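Peer 1: Below you'll find the structure I mean.
Where a number appears in this text, it was derived from the coordinates with a stated rule and is not lab data. Values in this document were obtained by computation on a predicted structure and should not be read as measured data. As a convention, Cβ positions derive from the backbone with ideal geometry for all residues, glycine included, and neighbour counts pool all protein chains shown.
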Amino acid sequence: MRTAIVLFTRDLRVHDNPALSTAAHEAKRIVPLFVFDDAILGTSFPGPNRVAFLLDALRDLDVILTSRGARLVVRSGDVVAETLALAREVGAEAVFVAEDASAYAQRRQRRFEQACRGDRIALRATPGVTVAPLQTIRTGSGEHYSVFTPFYRAWSSAFRRPVEFAPRRLSIPTRRLARQAARAHPDRRRQPLARASAGR
């Protein structure tokens, strides 16, 4: 595989990030991406403290990626549309993203599956947000647990995915993309995001 996008969502780290480590192993060039999702920013969720924490985390992530030869590309808008637009721009053959358990993340993944099929781009959903695969912790009848104690017992004995080490070196497709990433640095998003959070 020549080029792949790694979409960061809640997994803003390079250590123990299966999406990043798998993409780095399978693709020659990696495009790390974070999208400020309008579907989330348009709610009451992004308060001032959350926005400040997010920007700090993105800035730290960009520093670490830069030390390994990449840059964090930052876009805003619809997360599926922005990811697919970037995939077309760089000729990516796959999008790697961490599985997530939330209802919103499940809907997002279904949208990704449909959009990627239409563009003939592989969608690779990996573990990452949880230490045990999401499908392994179920009741005897295959349902989700609704009581904590039996859930905790099942979680304690569940298979743990192996810890993934951070890639030592990463390569991005073009210098132009690196310049775009620098122009979209998380610090440049601080003022509009602060205004959005202050208005909630």
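Peer 1: Please give the calculated 222 nm ellipticity per residue for the chain, where each DSSP H segment of at least 4 residues contributes -39500 (n - 2.57) and the sum is spread over every residue; nearest 500 deg cm²/dmol?
Peer 2: Numbers: 8 runs with 90 residues, N = 200.
Computed ellipticity for the chain at 222 nm equals -13500 deg cm²/dmol.
Peer 1: Say each of H15 and K28 gets a label point 7 Å from the Cα, pointing the same way as Cα to Cβ; how far apart are those two points in nm?
Peer 2: 3.2
Peer 1: Computed from these coordinates, which is Cα Rg over 2.2 N^0.38 Å: (i) 2.25; (ii) 1.07; (iii) 1.01?
Peer 2: Checked against the structure: label (ii).
Peer 1: Averaging sequence separations of C-alpha pairs under 8 Å and six or more residues apart, then dividing by the length of the range 30-189, give the relative contact order as a whole percent.
Peer 2: Working: 168 pairs, mean separation 50.0, N = 160.
Relative CO of the range 30-189 lands at 31 percent.
Peer 1: Normalised by the empirical 2.2 N^0.38 Å for globular proteins, what value does the Cα Rg of the range 27-84 take?
Peer 2: Working it through for the range 27-84, the quotient is 1.25.
Peer 1: Where does the longest stretch of the chain lie that holds no chymotrypsin sites (Phe, Trp or Tyr not before Pro) found in a DSSP loop with 13 or fewer other Cβ atoms within 10 Å?
Peer 2: With a cap of 13 other Cβ atoms within 10 Å, the longest stretch comes to 1-158.
Peer 1: Hey, what did the range 1-75 get for relative contact order, percent, Cα under 8 Å, at least 6 apart? It would help to have the intermediate numbers written out before the result.
Peer 2: Details: 76 pairs, mean separation 28.2, N = 75.
It comes to 38 percent, rounded to a whole number.
Peer 1: Here is a follow-up. By how many nm would the segment from R169 to D60 grow when fully extended, if each residue of separation counts as 0.36 nm and the alpha-carbon distance is taken off?
Peer 2: Full extension from R169 to D60 adds 37.6 nm.
Peer 1: Now a separate question. Hey, what did the range 83-139 get for relative contact order, percent, Cα under 8 Å, at least 6 apart?
Peer 2: Dividing the mean separation by the residue count of the range 83-139 yields 42 percent.
Peer 1: Once you have all Cα-Cα distances for the range 16-59, histogram them in 5 Å bins from zero and send the whole-percent values.
Peer 2: All Cα pairs, binned at 5 Å, distribute as 5, 16, 20, 18, 15, 14, 9, 3 percent.
Peer 1: Between F159, Y145, P127, whose Cα lies farthest towards the positive end of the dipole of the chain when Lys and Arg beta carbons carry +1 and Asp and Glu beta carbons carry -1, centred on the Cα centre?
Peer 2: P127
Peer 1: Right, here's the next one. With springs only between Cα atoms under 10 Å apart, run a GNM on the chain and tell me which of A158, A87, A19 wobbles the most.
Peer 2: Looking only at A158, A87, A19, the largest GNM fluctuation is found for A158.
Peer 1: Could you pull the Rg and Dmax for the range 1-107, using just the Cα atoms, both in Å?
Peer 2: 13.7, 40
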